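Here the structure comes first, spelled out in structure tokens, and everything after it is commentary.
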Amino acid sequence: MKSYRIPRLQEELKKLFNITLSQKLNDPALSWVSITEVVISKDLRYAKLYFSHENNPASHEEIKEILTKSSGYFKKQIAGAQLMRTIPELSFFYDESIDRAKKVEALLASVRDDYNEDDEYDPDIDIDDYLDDDDYIDYDDEDEDDYDEFDDEDDYEDEE
């Protein structure tokens, strides 16, 4: 049986930490910092918090250090919310998925720029241009007579 407790706790902790970061901690060094993922161990004693920061000039290490120093306040918020009986040990990691997504977007943009419009690829190719008339049979023309006998509804009414 699959347990839904840990994923539910992870989502609740993520909400709690983001609210704490945006509204309760008044540190300007943590502006534009958000928790993107929370991973809790099965025994609920350890939690990995992945963070990202957009438009924040501080380095990843500086933000990680500030978050680590304020982990006591985060633990106090968990205790106040009464989400868990035991308060997990918090460890912070930078979430590199946004950076990887930007790299993929840059690669796709460079491929798109290299794409030449004069290439032979045409997304609107009509398959009929490439098929001979002998390669396929047009079923609509041959079998029209076969279906005409079923079109007359009057035949069924006369039989009754």
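Below is a table of values for the structure above.
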read-out	value
Virtual spin-label span in nm between S3 and V111, 7 Å along Cα→Cβ	4.1
Region 5-112 - convex hull of alpha carbons, volume per residue in Å³	113
Burial ordering of K103, K14, fewest other beta-carbon atoms within 10 Å first	K103, K14
Surrounding net charge for L16, when Lys and Arg each add one and Asp and Glu each subtract one, Cβ distance under 15 Å	+3
FRET E, pair K24, R45, Förster distance 30 Å, beta-carbon r, rounded to 0.05	0.75
Proxy reagent accessibility, fewest Cβ within 10 Å first, across H60, H53	H60, H53
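Values in this text are rule-based calculations from the coordinates and carry no lab data. All figures in this text were calculated on a predicted structure; none of them were measured in a lab. Every residue, glycine as well, gets a Cβ built from its backbone with ideal geometry; the counts of neighbours run over all protein chains shown.
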